[in-house]
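Only the coordinates and a few stated rules stand behind these numbers; no lab work does. These numbers come from a predicted model, not from an experiment. Cβ placement follows ideal geometry from the backbone for every residue including glycine, while neighbour counts extend to all protein chains displayed.
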Amino acid sequence: MRELNDQELRRREELDHLLKSGINPYPYSFDKTHDATQILQNFNDDAADEFKNVAVAGRIMALRRMGKASFCHIQDASGRIQIYLRTGDIPNYDDFKLYDIGDIIGVKGYVFRTKMGEISVHATELVLLCKSLSPIPIAKEVEDEAGNKVMYDAFADKELRYRQRYKDLVVNPHIRDVFVKRSKIITAMRRYFDERGWLEVETPILQPLYGGALARPFTTHHNTLDTTLYLRIADELYLKRLIVGGFEGVYEISKDFRNEGMDKTHNPEFTMMEIYVAYKDVFWMMEMVENLLAHIAETALGSTAIEVDGKEILLQPPFRRLPLLESIKEYTGKDVSGLDAPALHAIAKELGVEIDPKASAGKVIDEIFSEKVEHHLIQPTYIIDYPLEMSPLAKKHRSKEGLTERFELYINGQEFANAYSELNDPIDQRQRLEEQSRFRAGGDDEAMTLDEDFLHALEIGMPPTAGLGIGIDRLVMLLTNQDSIRDVLFFPQMKRLE
C-alpha cells in the first residue's frame with residue numbers, strides 16, 4: 001500500500017469520527033429532485049414557491065465556514081450551485097466541520113437569492129453520501145489588475161489527466177463536454193443509418209484469422225480450443241458475409257485493435273464504424289458520406305462550418321475529388337503513374353522520403369502520399385482511384401486500367417474514411433489475397449492473410465456492394481477541435497508506471 005500524505009491521514013481521522021458518531025459515510029441512495037442547472041435556469045424570485053422543496057446532490061468543490069453559518073458549492077453532472085447551511089436549520093450542522101472539498105453530499109431545502117444576488121439552496125437537511133479520502137486538486141481563480149481571470153494550480157498535466165481521467169472530469173468539467181459531443185456524434189450517425197433501414201449488427205472480436213485492413217494484430221490463445229486467436233483489426237470480412245446472407249444494409253460501430261505505433265491520431269484500441277450497402281457503388285457512397293457528415297455536424301454542433309486549429313472547415317457537399325496519383329503530381333511535381341518499384345524508390349529518395357528497401361510499389365506510393373500530400377488536404381477532399389496493389393478488397397476501376405474504385409476522405413490533413421466498390425468476384429479476390437500472401441512472405445507483416453471461408457462466402461455470391469469505414473475517434477477530434485486522440489478517449493492506452 002502506498003504511503004498516505006498528511007491530508008489523507010486527516011481525512012481518515014475524520015472518517016473515524018463520523019463512524020463513531022453513528023454516521024454512515026457511504027449510504028445507499030438519495031432521492032434528487034433537481035440538478036444545479038435546472039434550478040439556476042428556472043428559478044424566478046416572483047415564483048419562488050415552485051422551489052420551496054428541492055433535493056440536490058453533488059461533490060463539494062468550494063467551502064467557506066463562518067462559525068454558525070457556512071457556504072459551499074456543489075457540482076453535479078449539469079454544473080455548480082451554492083448551498084447555504086446554518087446552525088439550527090439542520091440538526092447535524094456540527095458534523096459539517098468534518099466534511100471536506102471532494103465529499104459528495106445530498107441537500108434538501110428551498111431556493112433563494114442571496115444578498116449578493118447568487119441563486120442558492122438554503123439547506124434544511126444535509127446527508128453525507130460519500131466521504132472522499134483523497135484530496136482533489138482545486139484551481140484558484142483570481143482577477144489581475146486589468147480584470148482578467150487568472151488560474152493557479154490547475155490540474156493541467158496532460159499525462160496525469162489521461163491516467164486519472166476520473167479526477168480530470170471532476171476538476172475540469174469542460175472536458176465532459178467533449179465526451180457529451182462524442183455521444184451525440186455517434187447517436188446522430190446511428191439514427192441516420194437506422195432511418196434508412198440499415199441494420200446495426202455485431203461481429204466477432206476474437207477471430208481465427210484477421211483481415212479487412214493492412215495492419216498488425218494482437219494475438220492471444222484460447223485454452224479450451226488450444227488455438228491462436230486474433231483481436232480484430234477490421235469488421236469488413238464478417239459484415240460482407242452478412243451481405244452474402246441476404247441483408248442489404250448492415251453496419252457496426254465497434255472497437256478494433258491494431259498492434260502498431262501510438263501518436264496523436266493512433267491508439268491501439270479505437271472505435272470504427274463500418275457499413276455495407278448492397279446494390280450501391282463508391283460513387284453513391286461519396287454522396288452518402290457528404291450528406292452524413294453534414295447531418296452529424298448540424299445535429300451535434302448546430303453548424304456545418306467548424307473551426308479546427310484556427311481554420312474554418314466546411315462540411316458541406318460536394319467535397320473535392322482528387323485522384324491519388326494526380327495529388328502526388330500536384331504537390332510534388334512528380335508523375336508516378338505507371339512506374340515500377342525501383343523507379344518509385346528513386347523518386348522517394350529524391351523527395352527525401354525514407355522507404356524500406358523491400359517496400360512494394362504500392363507501399364512507396366503510400367509513403368510519398370503520406371509525407372508530401374496529406375498535410376495539404378485541409379478542406380474535405382476525396383482521394384480517389386487507388387492503384388490495384390494498394391486496394392486488395394476493392395473492385396477494379398470500370399474505366400481506368402490498373403486502378404480501383406476506392407476513395408479515402410481527408411480533412412485537416414488526416415484520413416477520416418475509406419470506401420470501396422467492394423470486390424465480389426471470388427476468383428479475382430483469391431488472386432489478390434494470394435498476392436498479399438506473397439507480400440507477407442517477403443517481409444510485409446501488415447499484408448492481409450488469405451481467408452478461405454471468406455472466399456467461399458464470395459463463391460456463394462455477393463451482390464454489388466458499397467462499403468465504408470469511418471474512424472470515430474478522429475471524427476470526434478475534428479468536430480470538437482481536439483489535437484490528440486487521447487483527448488477524445490476516456491481511458492487512452494498509457495505505458496504502465498512501475
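Would you mind computing Rg(Cα) / (2.2 N^0.38 Å) for the chain, counting N as its residues?
Working: Rg = 28.8 Å, N = 498, 2.2 N^0.38 = 23.3 Å.
For the chain, the normalised Cα radius of gyration is 1.24.
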Of all DSSP beta bridges in the chain, what percent run antiparallel (nearest 5)?
-> 90
For the range 436-492, calculate the relative contact order in percent as a whole number, restricting contacts to Cα pairs under 8 Å that are 6 or more residues apart.
-> 18
Cα-based Rg / Dmax (Å) for the range 343-446 = 14.5, 40
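For Arg438, what charge total do you get from the other residues with a beta carbon under 15 Å from its beta carbon, if Lys and Arg give +1 and Asp and Glu give -1? Numbers along the way, then the final one.
On the way: positive: Lys358, Lys363, Arg430, Arg432, Arg440; negative: Glu389, Glu434, Glu435, Asp444, Asp445, Glu446.
With Lys, Arg at +1 and Asp, Glu at -1, the net is -1.
Cβ under 12 Å from Arg398's Cβ, Arg398 left aside: what net charge do those residues give with Lys, Arg +1 and Asp, Glu -1? Please report the intermediate quantities before stating the final value.
On the way: positive: Lys395, Lys396, Lys400; negative: Asp281, Asp385, Glu401, Glu405.
Taking every other residue near Arg398 into account, the sum is -1.
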Dipole in debye (nearest 20) - the range 1-123, about Cα centre, beta carbon charges: Lys, Arg +1; Asp, Glu -1 = 240
Hz values of 3J(HN,Hα) by residue in the range 157-163 - Karplus curve (6.51, -1.76, 1.60), Gly and Pro given as x | 5, 4, 4, 5, 5, 5, 6
Dipole size in debye (nearest 20) for the chain around its Cα centre, Lys and Arg Cβ +1, Asp and Glu Cβ -1?
-> 1320
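What number, in percent, do you get for the relative contact order of the range 22-98 if the mean sequence gap of Cα pairs under 8 Å and at least 6 apart is divided by its residue count? Could the numbers behind the result be given before it?
Values: 87 pairs, mean separation 18.6, N = 77.
Across the range 22-98, relative contact order equals 24 percent.
Order of 25-32, 258-265 by packing, highest average Cβ count within 10 Å first?
On the way: 25-32: 11.4, 258-265: 13.8.
Top of the packing list down: 258-265, 25-32.
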Exposure proxy ranking, count of Cβ atoms within 10 Å, fewest first, for Glu14, Glu195, Glu118 | Glu195, Glu118, Glu14
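For the ranges 404-410, 337-343, 176-182, what's the packing order if you count other beta-carbon atoms within 10 Å of each residue, average per peptide, and put the highest first? The partial results should precede the final answer.
Details: 404-410: 24.6, 337-343: 12.7, 176-182: 15.6.
By packing density, highest mean first, the sequence is 404-410, 176-182, 337-343.
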Burial order of peptide ranges 434-444, 105-115 (average beta-carbon count within 10 Å, highest first) | 105-115, 434-444
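If you average the sequence gap of Cα pairs under 8 Å that are 6 or more apart and divide by the length of the chain, what percent do you get for the contact order?
Numbers: 911 pairs, mean separation 59.4, N = 498.
After rounding, I find 12 percent.
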